[in-house]
Amino acid sequence: MNLSAPEPARVDRLVILVSQYHERVTARLLEGARAACRDAGVPEERVDVVQVAGAFELGVAAAAAAVSDRYDGIIALGAVIRGETPHFEYVAGETARVLAEVAAREVIPVGFGLLTTDTMEQAVERAGGSAGNKGREAAEAVLQAIAA
């Protein structure tokens, strides 16, 4: 029985899509995703970072990245924080749906690093605080899918 760790997946190129909205949070998610890629041995020059305006734009950016045939995986990072209007449900729900649709239709791993929280404090905790870094987790999920 071989108990050694499996060889890391060969990754030609990844893209990290990151929302500029709630940059206090998304910058930390980006740091976590980049750290996961580095830890997995993916050279920085093989990781493109594309900024989009907000979480809602992650879907179209993921679709464009998927059909470009440039990437082995997509990591989508953003934050939607509940307010006093139903805006939260529409943005969070539709973004999640489109990202899942892109992954299934184009058969490409899409890491879901979209925080959906009630407060800014909760978002900060999930972007490198006591609740971990969901950007790192999204990148790790993509890397595991590529290795499978």
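The values are calculated or read from the model by the stated rules, or taken from the named source; none is laboratory data. Nothing here was measured: the structure is a model prediction, and the numbers come from that model. As a convention, Cβ positions derive from the backbone with ideal geometry for all residues, glycine included, and neighbour counts pool all protein chains shown. SASA here: full protein model, heavy atoms, side chains in, ligands and nucleic acids out. Shrake-Rupley method; radii C 1.70, N 1.55, O 1.52, S 1.80 Å.
Roughly how many Å² of HIS22 are accessible to a 1.4 Å probe, to the nearest 10?
For HIS22, the solvent-accessible surface is approximately 50 Å².
Non-local amide H neighbours of LEU114 (under 5 Å, H modeled in plane, Pro and chain starts lacking H): which ones?
GLY78
Relative contact order, percent, of the stretch 80-133 when contacts are C-alpha pairs under 8 Å separated by at least 6 residues?
37
Against the longest alpha carbon principal axis of the chain, how many degrees, from 0 to 90 and to the nearest 10, is the axis of helix 23-39 turned?
Approximately 10 degrees, to the nearest ten.
Between the helical axis of 87-106 and the dominant principal axis of the chain, each derived from Cα atoms, what acute angle in degrees is found, rounded to the nearest 10?
Once rounded, the angle reads 20 degrees.
For the chain, give the share of DSSP beta bridges that are antiparallel, in percent and rounded to the nearest 5; count only bridges with both residues there.
Around 10 percent of the beta bridges assigned by DSSP in the chain are antiparallel ones.
Which residue, ARG70, ARG126, ARG28, tops the fluctuation ranking in a GNM of the chain built on C-alpha contacts under 10 Å?
Fluctuation is largest for ARG70.
Just the accessible area per residue of the chain, please: how many Å² with a 1.4 Å probe?
Using a 1.4 Å probe on heavy atoms only, each residue of the chain averages 54 Å².
Would you work out which of GLY132, GLY78, VAL11 lies farthest towards the positive end of the dipole of the chain? Charges go on Cβ: Lys and Arg +1, Asp and Glu -1.
VAL11
Let me have the relative contact order for the stretch 19-61, percent, based on Cα pairs under 8 Å that are six or more residues apart.
58
Over the chain, with every protein chain in place, what whole percent of the accessible area is carbon and sulfur at 1.4 Å, could you tell me?
Summing carbon and sulfur atoms, their accessible area is 52 percent of the total for the chain.
What number, rounded to the nearest 500 deg cm²/dmol, is the helix-based mean residue ellipticity at 222 nm of the chain, given -39500 (n - 2.57) per DSSP H run of at least four residues and division by all its residues?
-14500 deg cm²/dmol
Against the empirical 2.2 N^0.38 Å scaling, what ratio does the C-alpha Rg of the chain come to?
1.02
Say each of ALA147 and GLN20 gets a label point 7 Å from the Cα, pointing the same way as Cα to Cβ; how far apart are those two points in nm?
3.5
Using a Gaussian network model of the chain whose springs link C-alpha atoms within less than 10 Å, name the residue from ALA62, ALA40, ALA76 with the highest mean-square fluctuation.
Maximum fluctuation in the GNM of the chain, among the listed residues, is at ALA40.
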